[in-house]
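Colleague: Next up is a structure, given as structure tokens.
The values are calculated or read from the model by the stated rules, or taken from the named source; none is laboratory data. Note that the structure is a prediction, hence the values are computed from the model and not measured. Note: ideal-geometry Cβ built from the backbone for every residue, glycine included; neighbour counts use all protein chains shown. Please note that ligands, DNA and RNA were not included when accessible areas were found on the heavy atoms of the full protein model with its side chains. Shrake-Rupley method; radii C 1.70, N 1.55, O 1.52, S 1.80 Å.
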Amino acid sequence: MMKTKTIYMTLALFVAMLVVLSATSTTFAQEFGLELEEGLHPHEEGVMETPKLEFPEIEPTLTLGGGYKLFSSKDSRNTPRNEYYDQEDTPIYLLSTEVFRYPDRFTMDLVFDSKPKDHFADIGYGYRDIILARGINRAMYHNLDNIRILPSTNQITGTPNNNVLQYDSPSKEYGLRTMISTAQLRLKAPNYPMHLFVDYDQVQKNGDRQQRYRDLVSSVQHSIGRDVEFMTNDYGFGLNSHLGPVEAEYTFHSKKFKDHGDDILYDTQAASGIYPAGTWPHNVNSGLREYRHALKFHTMYTGKLVASVTLSKTGQENNYGDAERDILFGGGSVTFMPVTPLVFTAKYRHREVDNDTPSQVVINSLDGASSTPVTPKEAIDSKTDTFDLSARYRFLNWLTLRGFYTFERQDRDGNMADWGNMRDATRKQVLGAQADTQFGRMLQAKVRYDNTKYIHPAYNIQPDRGHDIKTSVTFTPIEFLTAFASYKYTLEERDHIHYWPDSAYMDDLHPDERKVEKHTVNSNVTVMLMSRVTLSGFYAYFQNHTEQDLIHALSNPPAPLVTGDHTTDPDSMWQAESHVYGAQINVDQSKRLHMEAGVTFVETEAKLDWAWREVIPMPRDMETITNVETKETIAHAGARIKLPDNFEMDLRYQYSIFDDKADNGYTTFEDGQSHLVLLTFTKTLGKGT
């Protein structure tokens, strides 16, 4: 890890550069042909005067409001649409203010309920361009599932399923309250382009969730409630300034994660394998720490030549297993425009990952009476170099051509046998071309093609070769009609996939092909029916077909096969399809009335076809788990009305219904419907602007 001394030396060097700049700014100006008015120095107190600007008088405003949220649901509390709703009826309170009296400005927005599970707060302050400060705090409630995976008996053989979940709380309702806080402060040197900035981010999660695990002795899985008190803190600061024609910036970030709840679970087990009888830890939420130093330089963004450089060092630590990781990153880019229609861009990125895995980790029982050593796998180190080249040429006023080329090489170092004989190096090449055309304001179109090639891919999901085609069209035949459509096609092919352990025995099973085809469609049409009425309709489609050879470890197969044998399942196919379509209308009857309404339909179907089901019947448990068929409808309507004496009323309604058509009982999907009504009244004091 980078030593503290090195950190301070880097920061001191950067500050020294700024001090030198401050002391020699006149020299910089003369060197680069800039003229300073005689007798003026940019850093002499009281010498350089700021122009006096007259700002209009703006009366402060204060908005107070309140309302009520009504929520009702049927069947399931946790359909996808209800997942992040606090499902209790509750009053809502609103407060907003804005004060602008130059050079000060202050804003505040607060929305909260009486629980309080959900709230939002945004407070900002500014003084000229010297001080900018802002703080945001928001909270939401996340309803979590109590998942059941398998029934207690195999539905073909009628024998007990040994890996059935054993529930401590089968009807327990789990949930987490998540609170996200962000604070930012930026300070600027008066009349000089130098900034000091500080930022802080915090994420808290409190509540309980389901924890599923398999014990050390048998294959029985368990489900228990687990107390959650996650805390993530991210501190950062930075400094930037102009160094003549170059702008430089240094930033530092420190991030820590800690679980103050049940960070370690324990189970009492009989002797098994390397573990003596005792109470042993499992499912550990380790404390994590990360720091990052970064230096950035870039030239002015005007002119024919623009360049930038980024250097960073990141360190990561795991306080339970004592694992460490260093990440070194360096990158740069150059953009050159010899003539206005022609632009060339070159980018280079280098990334090194250095892992320090302990040779042995000692796991202690709860009472400390027993311990057992565990040898973790050695993490793989890597070096990745990426080159990007692109060119853009405006061939005609209505036609622009672009070309792209990417070359990436990743070299790995470590015990590859621990990771399924992973390749020492992987190379990737991408060659692409794009054409943009525009015929006035009526028609705009884009089409792009990318060809991707991998040499020695590291993972089965990486193809040997891939093709991507993207196209989009925007059509505005008349002023009040706009239509947009886009389509993307992806084809990925792999000739030979590998299964761990990568051995001659596995190769004899001939797991070969993997093929992925994806289709994505997005479209919408917007029509302005009258000057104050807008109607829009939309449709989206997604399809994924993945064919891949699988290898099964057999249990109780028909003769002559025996338990423990492996066999290839060729051309198993995962198919998924989704349709999303709907419409929305917006009506601005006048400056005092706005209304809107809309409806969205979502249909999803997915299925895994196992070729081996014809030889060995697939347990219905597995077949039903992989079969998904759902329909969802979401309708909403709302109105905002401005009343006399600066009063305003806002009414919102949402209805959703979710239908699990497969209804197999073993997925997390459940039928349900819900109604949400939100009514608020506000009163604004002060005219404002």
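Colleague: Let me spell it out: the conditions are (1) in contact (Cβ under 8 Å) with a residue 24 or more places away in the chain; (2) touching a His at 6+ places or on another chain (Cβ under 6 Å); (3) of a type outside the set (A, V, I, L, M), and GLY330 meets all of them except one. Which number is the exception?
Modeller: Evaluating GLY330 over (1) in contact (Cβ under 8 Å) with a residue 24 or more places away in the chain; (2) touching a His at 6+ places or on another chain (Cβ under 6 Å); (3) of a type outside the set (A, V, I, L, M) leaves (1) as the failure.
Colleague: Give just the number: which of (1) out of contact with any Ser or Thr (no Cβ under 7 Å at 6 or more places or on another chain); (2) open to solvent by less than 60 Å² (accessible area, probe 1.4 Å); (3) of a type outside the set (Lys, Arg) does ASN318 not satisfy?
Modeller: Failing condition for ASN318: (1).
Colleague: Evaluate the following for GLN202: is it modelled with pLDDT of 95 or more, open to solvent by less than 40 Å² (accessible area, probe 1.4 Å), of a type in the set (S, T, N, Q) and in a strand (DSSP E or B)?
Modeller: It is true that GLN202 is modelled with pLDDT of 95 or more, open to solvent by less than 40 Å² (accessible area, probe 1.4 Å), of a type in the set (S, T, N, Q) and in a strand (DSSP E or B).
Colleague: Which members of the stretch 441-460 meet the condition of being in a loop (DSSP other than H, G, I, E, B), open to solvent by 30 Å² or more (accessible area, probe 1.4 Å) and in contact with a strand residue (DSSP E or B) (Cβ under 8 Å, 6 or more places away or on another chain)?
Modeller: Of everything in the stretch 441-460, those that are in a loop (DSSP other than H, G, I, E, B), open to solvent by 30 Å² or more (accessible area, probe 1.4 Å) and in contact with a strand residue (DSSP E or B) (Cβ under 8 Å, 6 or more places away or on another chain) turn out to be ARG441, MET442, HIS456, ASN460.
Colleague: Please go through the stretch 325-346 and give me each residue that is open to solvent by less than 70 Å² (accessible area, probe 1.4 Å) and of a type outside the set (A, V, I, L, M), ordered by number.
Modeller: ASP326, PHE329, GLY330, GLY331, GLY332, SER333, THR335, PRO338, PRO341, THR345
Colleague: Here's another thing I want to ask about it. Restricting attention to the stretch 476-491, and to residues there that are touching a residue at least 40 places away in the same chain (Cβ under 8 Å) and buried (at least 16 other Cβ atoms within 10 Å of the Cβ), which single residue is nearest to the chain's Cα centre (by Cα)?
Modeller: PHE484
Colleague: Closer than 21 Å to PRO341 by Cα, open to solvent by 80 Å² or more (accessible area, probe 1.4 Å) and of a type in the set (S, T, N, Q): is that true of GLN438 in this structure?
Modeller: The answer is yes for GLN438.
Colleague: Now a separate question. I need a count of the residues in the stretch 111-132 that are buried (at least 16 other Cβ atoms within 10 Å of the Cβ) and either under 23 Å from LEU196 (Cβ atoms) or under 27 Å from the mean Cα position of the chain (by Cα) (or both).
Modeller: 12
Colleague: Another question about this same structure. Being open to solvent by 40 Å² or more (accessible area, probe 1.4 Å) and more than 30 Å from SER181 (Cα to Cα) is the filter here, so list the residues in the stretch 222-246 that pass it.
Modeller: HIS222, HIS242, PRO245, VAL246
Colleague: Tell me which residues, restricted to the stretch 413-435, are open to solvent by 70 Å² or more (accessible area, probe 1.4 Å) and in contact with a strand residue (DSSP E or B) (Cβ under 6 Å, 6 or more places away or on another chain).
Modeller: Passing the criteria: ASP413, ASP424, ARG427, LEU431.
Colleague: Hey, among the residues in the stretch 347-362 that are among the polar types (S, T, N, Q) and more than 25 Å from the chain's Cα centre (by Cα), which one's surrounded by the most Cβ atoms within 10 Å (Cβ to Cβ)?
Modeller: Filtering first and then ranking leaves THR357.
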